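One structure is given below, encoded as C-alpha cells.
Coordinate-derived values only; no laboratory data. A quick note: this is a predicted structure, and the numbers were derived from the prediction, not measured. Backbone-built Cβ (ideal geometry, glycine too); neighbour counts: all protein chains shown.
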Amino acid sequence: MKEQTLHFALLFLLQGVFLSQLSAQKQPIFKNGETHESMSERWELDSSTRRGNFLFTAYKPVYVMAGRWSSNPNEQPRSENPNYSLPFRVDYDNHEAKFQLSFKTKIWQGIFGRHGDLWIAYTQRSHWQIYNQELSRPFRETNYEPEIILNFATNYKFLGLRGRMFGIAFNHQSNGRALPLSRSWNRVIGHIGFERGKWNVYLRGWYRVPDEDDENPAATDYIGVGETTVIFNPGKHQLTFGSNFNFDFDTPRGSIRFDWMFPISGNLKGYLQLSEGYGETLVDYNHRQTTIGIGISLIEW
C-alpha cells in the first residue's frame with residue numbers, strides 16, 4: 001500500500017507539472033535542430049547553459065521501433081516469489097514493436113544557495129505485440145519510471161576525463177500489472193558523470209529499498225547493482241554502449257547494450273539497438289535473451 005501511494009504521488013506531481021507548464025514552454029528542447037547535447041548542456045551545469053525551472057528537457061532517448069526481434073521471448077514469466085509466477089505459457093511472437101518516451105524538468109535551481117538542482121523525471125517504455133494477431137495484438141509489457149533527482153555540478157580532471165556532475169536519486173519502477181505479472185522496485189541511485197570532447201560517460205550504482213511483499217526478490221542478482229553508459233557523438237551519428245553487472249563473480253549476470261543513431265534525411269534519424277542479457281523489462285528481470293531492434297530516433301542521449 002505504501003508503495004502504491006508513493007507511485008501515485010510521484011505520477012501526480014509529474015502530471016501537475018506537465019499540465020501547468022506545457023502551454024508555457026517557450027524554448028525548444030534542443031537548439032539549432034540538434035537532437036543530442038553535451039552533458040553540460042543537458043544537465044545545465046554551467047551558468048551559460050542554465051534555462052531556469054519548469055522547462056521540459058530531454059532525459060533518456062526517445063524512439064519508436066517498428067521491429068524488434070528476440071531470440072527467446074518470455075512466454076512464462078516467473079519469480080522466486082511463487083505468487084508472482086505465471087502458471088501457463090503465452091504464445092508470444094519473436095517480433096514486436098517497442099517505443100520509449102522520457103523527459104525531465106528542473107523544479108528547484110540552486111537548492112543549496114548556488115549549488116544543487118532538484119529535478120523530476122519520467123520514463124516510459126512499452127513492448128507491443130503488434131504483429132500477434134492471434135492474441136489480438138496486446139501490449140506485452142509497459143514499464144513506468146518516475147524519479148526525483150538531486151544533481152550537483154563539478155569540474156575536475158580524472159584519468160583524462162572531466163568530472164562534470166554527481167548526485168543521488170529516488171527511483172520507482174513498475175509495470176502496473178496485477179498478480180501474477182506485477183513487478184516493481186524502489187531504488188536509491190547514486191550517479192556520477194564525466195565528459196571529454198565527443199564522449200560522455202555516466203556511472204550509476206543503486207541500493208534497492210526492501211519490500212515486504214517482494215515481487216521480484218532476485219532482481220539485483222540478475223539486473224545488477226550498477227550501470228555504465230558510454231556515449232560517443234561523431235558528427236550526426238551517436239554510438240552508445242551500456243552495461244549492467246551484479247558484481248557477483250561466482251555467478252556473473254547482467255546485460256550489455258549497443259545503440260546506433262544515424263541520419264536518414266534532414267532531421268529524420270534511424271535507430272539500431274542490440275542487447276544481450278537479463279532485465280530488458282521488469283517482467284523479464286530473470287529472463288535472458290538477445291534482441292535486435294530497428295526504428296526511428298526522435299531524441300538521443
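Annotations
- Value of relative contact order over the chain, rounded to a whole percent, pairs C-alpha under 8 Å and six or more apart: 17
- Label-point separation, Arg114 to Arg89 (7 Å along Cα→Cβ), nm: 6.4
- Ordering of 64-74, 291-301 by burial proxy (mean other Cβ atoms within 10 Å per residue, highest first): 291-301, 64-74
- Ordered by the count of other Cβ atoms within 10 Å of each Cβ, fewest first, Ser255, Ser126 give Ser126, Ser255.
- As a calculated quantity, the FRET efficiency between Ser265 and Trp69 at R0 = 22 Å, using C-beta atoms, amounts to about 0.30.
- When peptides 279-288, 75-84 are sorted by average Cβ neighbour count within 10 Å, with the highest value leading, the order is 279-288, 75-84.
- Coarse-grained scattering of the chain at q = 0.08, 0.13, 0.16 Å⁻¹, given as base-10 log I(q)/I(0) from a Debye sum over alpha-carbon atoms: -0.36, -1.00, -1.54
- Spatially near lysine pairs across the range 2-299, Cα under 17 Å, sequence gap of 8 or more or different chains: 13
- Helix-only arithmetic for the chain: the sum of -39500 (n - 2.57) across DSSP H runs with n ≥ 4, divided by the residue total, places the mean residue ellipticity at 222 nm at -2500 deg cm²/dmol.
- Full-stretch length increase - Asn175, Asn155 - with 0.36 nm per residue and alpha-carbon distance subtracted: 3.4 nm
- Helix 2-21 and the longest principal axis of the C-alpha atoms of the chain enclose an angle of approximately 40°.
- Distance from the C-alpha centroid of the range 195-241 to that of the range 57-81: 15 Å, rounded to the whole angstrom.
- Ranked list, fewest to most other Cβ atoms within 10 Å of each Cβ, for Arg51, Arg89: Arg89, Arg51
- Computed 3J(HN,Hα) for the range 232-241, one whole-Hz value per residue from the Karplus formula 6.51 cos²θ - 1.76 cosθ + 1.60 where θ = phi - 60°, is 10, 10, x, x, 8, 9, 9, 10, 10, 10, glycine and proline marked x.
- ³J(HN,Hα) computed for each position of the range 264-277 - Karplus, 6.51 cos²θ - 1.76 cosθ + 1.60, integer Hz, glycine/proline x: 10, 7, x, 8, 7, 10, x, 9, 10, 10, 10, 8, 8, x
- Rounded to whole numbers, the Karplus 3J(HN,Hα) couplings from phi for the range 157-172 are 9, 8, 6, x, 9, 10, x, 10, 6, 8, x, 9, 9, 10, 10, 10 Hz, using 6.51 cos²θ - 1.76 cosθ + 1.60 with θ = phi - 60°, and x at Gly and Pro.
- Taken along the Cα-to-beta-carbon direction at a fixed 7 Å, the label points for Ile294 and Glu276 span 2.0 nm.
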